[in-house]
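Colleague: Quick one: the structure is below, and I'll ask about it shortly.
The values are calculated or read from the model by the stated rules, or taken from the named source; none is laboratory data. Here the structure is a predicted model, which means the values were calculated and not measured. Quick reminder, even Gly has a Cβ in these numbers, built from the backbone with ideal geometry, and neighbours come from all protein chains shown.
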Amino acid sequence: MGRIRFLPLKKEIENGGGRNILQLATEAGVYIQSICGGKKKCGKCKVIIEEIEQSLAPPSDFEQDILGPGHIDKGYRLACCTVLTGGAVIRIPEESQARRQVILTSGTSYAYPAKLQPVLDQYLVEVQTPTIQSVRADLERLYMSIEDDFGLKHLTIDPIALRKLPFSLRSYEKGLVATIWDKQEIIDLQKEAQGPLMGMAFDIGTTTVVGYLMDLLAGKRLSVKSAMNPQIPFGDDVITRISFCQEDPHGQKKLRSAIVQCLNTLILEASQEAGIDPCQIMELTVVGNTAMHHLLLGLDPKYLAISPFPPVMTNAMDLKARDLNIRIGPSANVHLLPLKAGFVGSDAIACVLASRMHLSKTETLLVDLGTNGEILLGNRNRMVCCSTAAGPAFEGGHISWGMRAASGAIEKVDIDPETLDVQMKTIHESGPVGICGSGLISAVAEMIRAGIILHRGNFNDKITSDRLREGKQGFEFVLSWAEENPTAHDIVITQKDVSELQMAKAAIQAGATLLKEVLTRDPQRVFLAGAGGNFIDPADACTIGLFPTSTNTDIIGIGNGAGQGACLALLDKRKRRDAQRIAEKMEYIELSASDKFQELFVSSMFFPTAVDFSDIF
Ligand code: FES
């Protein structure tokens with residue numbers, strides 16, 4: 001028992017005993033980097049114990065390995081490995097702190113259709129009053145009037161709108177305004193149109209959540225709000241979160257309520273910015289990967305992690321926002337776009353929709369880089385897709401100094417091939433505290449160009465430079481010296497980091513090559529979706545051989561294609577049908593069942609443009 005104080009945020013929490021520092025910090029609302037979700041694997045959750053009222057268990061072998069004796073003597077421990085039974089003062093060092101993440105909210109330059117077909121329409125209806133000769137029920141008379149005036153048949157009505165009907169019919173002398181969803185269901189009755197019809201489109205990513213508030217009839221974006229996915233403390237990636245659901249009896253419920261709360265917060269913030277009441281929002285669209293979709297709906301994601309990885313469902317679905325505890329219009333619907341497979345979600349379908357590759361003759365390779373890389377190839381005639389377990393390297397996971405794309409992350413590196421001096425660009429121009437996915441690709445590409453990394457990914461031990469040295473895990477290259485950055489440690493790229501990137505890029509390259517062989521056609525352009533892909537320099541991608549394309553193939557970042565696709569489906573119901581057709585028509589290739597993929601993976605490990613001394617000697 002005792003009080004835990006977290007610095008530098010000065011947040012405190014009562015420690016009932018028996019919990020580790022990561023769990024205590026999560027409960028106190030203190031974010032500590034934890035790429036493995038507390039599984040004692042990533043080594044990112046470093047903290048410094050400044051004061052303590054108890055004796056601590058000695059550091060495990062894993063902690064000793066990650067921290068080294070110098071750090072342990074200074075009070076460093078790994079938060080998920082250290083259980084506290086009493087009070088303590090814990091400092092979160094620079095490299096483990098939450099940082100302002102780059103959240104990609106912009107989409108492609110895609111223009112909305114000139115004539116939108118929104119799923120909601122409003123009709124001014126005059127309903128006959130009942131007479132003693134013809135006593136018809138209120139609802140029957142409402143349906144008849146709508147059918148006579150607007151030709152809409154077989155309507156239903158939401159129970160909340162139905163409760164308003166008797167009063168509305170008798171109070172609004174000039175008729176009433178009926179809001180009708182998809183020409184099928186009356187979802188609201190008002191005296192007059194209450195301002196523009198509003199809707200919100202959400203892209204729920206494993207790391208970030210983005211919401212777009214739109215005027216449905218004008219097709220105008222009123223506000224964009226984003227947040228980190230609050231499920232992160234339960235696991236940085238999808239597989240860790242699925243495991244959490246199995247290990248904690250309330251895991252699924254905790255993850256669901258975290259994401260619902262996040263959506264409600266973004267709805268509130270966007271409504272405030274646009275000066276509307278959240279109840280004016282009458283429609284929502286949602287895209288996300290399959291696990292995010294299942295967790296939002298309260299579906300058990302367990303089988304997504306077990307071969308053959310079947311999702312619970314794939315078709316698009318409409319359901320009431322109130323059934324999901326989403327606080328918008330009381331009769332509003334939520335449209336979830338269709339999924340393709342356990343690891344190809346509606347975010348990928350939305351990217352296709354936004355990029356229009358399904359309408360184009362051009363053979364397009366679309367890649368969403370992440371822990372699970374989603375790869376799609378094809379054109380309007382035929383499309384194939386797969387998902388490949390690329391590992392967390394593209395998001396900074398399993399990399400010695402890896403971090404997400406947040407303030408202080410090194411995102412671009414330049415190495416002078418003569419002197420090996422390093423210039424770098426960091427996110428928000430903060431002092432460097434780590435390296436994000438695009439920074440890692442940039443650094444390795446530059447090290448290849450400078451001859452520091454060779455064809456097989458090994459460091460060139462013929463080079464003499466202070467920056468290239470023997471570290472704990474073999475050779476390492478110093479990007480930033482301790483005195484040049486706020487962490488007060490040398491920021492390095494190790495041989496192991498290069499191997500992690502090799503495996504990640506081999507997974508993408510092999511997956512894309514396999515799709516290319518299925519289609520027997522080469523991609524004529526590459527679209528990179530999502531934050532992971534959007535900041536990668538095409539030249540760096542070519543240098544490390546990320547894609548099976550020639551060096552002059554166009555590589556284009558398409559921004560937040562998933563969010564853009566969700567907006568299109570919000571504004572135009574034809575896009576919902578397109579999304580369903582894309583999902584049905586696209587062919588899914590399961591890589592784990594392919595021997596060919598294993599062969600391609602091994603041959604994709606090499607860096608194609610690097611010097612290969614085995615050819616020279
Ligand atoms: S090692 Fe502690 S969160 Fe990963």
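Colleague: Given the conditions (1) surrounded by 24 or more Cβ atoms within 10 Å (Cβ to Cβ); (2) on the phi < 0 side of the Ramachandran plot; (3) over 16 Å from the mean Cα position of the chain (by Cα), report the number of the one that L359 does not fulfil.
Modeller: (1)
Colleague: Still on this structure: Report yes if V135 is part of a loop (DSSP other than H, G, I, E, B), at pLDDT below 90 and more than 24 Å from S226 (Cβ to Cβ), otherwise no.
Modeller: Yes.
Colleague: All but one of (1) of a type in the set (D, E); (2) surrounded by 23 or more Cβ atoms within 10 Å (Cβ to Cβ); (3) more than 28 Å from L369 (Cα to Cα) hold for E470; which doesn't?
Modeller: Evaluating E470 over (1) of a type in the set (D, E); (2) surrounded by 23 or more Cβ atoms within 10 Å (Cβ to Cβ); (3) more than 28 Å from L369 (Cα to Cα) leaves (2) as the failure.
Colleague: Find the strands (runs of 3 or more DSSP E) located wholly in the stretch 281-371 whose residues include 3 or more that are under 25 Å from K253 (Cβ atoms), and list them.
Modeller: So the answer is 281-288, 317-320, 333-336.
Colleague: Continuing with the same structure: Residues to consider are A291, A341; find the one that is closer than 19 Å to G563 by Cα and surrounded by 18 or more Cβ atoms within 10 Å (Cβ to Cβ).
Modeller: A291
Colleague: Just checking, which of L591, L571, L515 is touching a Leu at 6+ places or on another chain (Cβ under 6 Å) and under 21 Å from D368 (Cα atoms)?
Modeller: L515
Colleague: crowded, with 19+ Cβ neighbours inside 10 Å and in contact (Cβ under 8 Å) with a residue 60 or more places away in the chain: is that true of G205 in this structure?
Modeller: yes
Colleague: Just give me the residues in the stretch 28-74 being farther than 14 Å from P93 by Cβ, charged (D, E, K, R) and either assigned to a loop (DSSP other than H, G, I, E, B) or within 14 Å of the ligand (Cβ to nearest atom) (or both), in sequence order.
Modeller: Across the stretch 28-74, the qualifying residues are K39, K40, K41, E53, D61, E63, D65.
Colleague: Now a separate question. Only one of these conditions is not met by V119: (1) hydrophobic (A, V, I, L, M, F, W, C); (2) within 16 Å of the ligand (Cβ to nearest atom); (3) buried (at least 18 other Cβ atoms within 10 Å of the Cβ); (4) at pLDDT 85 or above. Which number is it?
Modeller: V119 satisfies every listed condition except (2).
For (1) assigned to a strand (DSSP E or B); (2) in contact (Cβ under 8 Å) with a residue 60 or more places away in the chain, each residue gets a yes or a no:
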{"residue": "I399", "(1), (2)": "no, yes"}
{"residue": "R404", "(1), (2)": "no, yes"}
{"residue": "E411", "(1), (2)": "yes, yes"}
{"residue": "D414", "(1), (2)": "yes, no"}
{"residue": "L420", "(1), (2)": "no, no"}
{"residue": "K425", "(1), (2)": "yes, no"}
{"residue": "G431", "(1), (2)": "no, no"}
{"residue": "L440", "(1), (2)": "no, yes"}
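Colleague: Sticking with this structure for a sec: Which of the residues that make up the stretch 545-573 are in a loop (DSSP other than H, G, I, E, B) and more than 25 Å from M447 (Cβ to Cβ)?
Modeller: Once the filter is applied, which keeps residues that are in a loop (DSSP other than H, G, I, E, B) and more than 25 Å from M447 (Cβ to Cβ), the stretch 545-573 yields I558, G559, N560, D572.
Colleague: Here is a further query. Mind listing just one residue for me: the one in the stretch 11-27 that is within 26 Å of the chain's Cα centre (by Cα) and more than 9 Å from the ligand (Cβ to nearest atom) and, of those, surrounded by the fewest Cβ atoms within 10 Å (Cβ to Cβ)?
Modeller: Across the stretch 11-27, the extreme among qualifying residues is E27.
Colleague: Continuing with the same structure: Can P523 be described as of a type outside the set (D, E) and crowded, with 22+ Cβ neighbours inside 10 Å?
Modeller: It is true that P523 is of a type outside the set (D, E) and crowded, with 22+ Cβ neighbours inside 10 Å.
Colleague: Same structure again: Name every residue in the stretch 75-96 that is under 30 Å from the mean Cα position of the chain (by Cα), part of a strand (DSSP E or B) and either more than 19 Å from S34 (Cβ to Cβ) or within 14 Å of the ligand (Cβ to nearest atom) (or both), in order of residue number.
Modeller: Matches in the stretch 75-96: R77, L78.
Colleague: Can you tell me which of (1) surrounded by fewer than 24 Cβ atoms within 10 Å (Cβ to Cβ); (2) under 21 Å from I589 (Cα atoms); (3) in contact with a helix residue (DSSP H, G or I) (Cβ under 9 Å, 6 or more places away or on another chain) is the one C351 doesn't meet?
Modeller: Among (1) surrounded by fewer than 24 Cβ atoms within 10 Å (Cβ to Cβ); (2) under 21 Å from I589 (Cα atoms); (3) in contact with a helix residue (DSSP H, G or I) (Cβ under 9 Å, 6 or more places away or on another chain), the lone unmet condition for C351 is (1).
Colleague: Scanning for something of a type in the set (F, W, Y), assigned to a helix (DSSP H, G or I) and within 19 Å of A393 (Cβ to Cβ), does the stretch 587-597 turn up at least one residue?
Modeller: yes
Colleague: Oh, and also: Among the numbered conditions (1) modelled with pLDDT under 95; (2) crowded, with 19+ Cβ neighbours inside 10 Å, tell me where I157 comes up short.
Modeller: (1)
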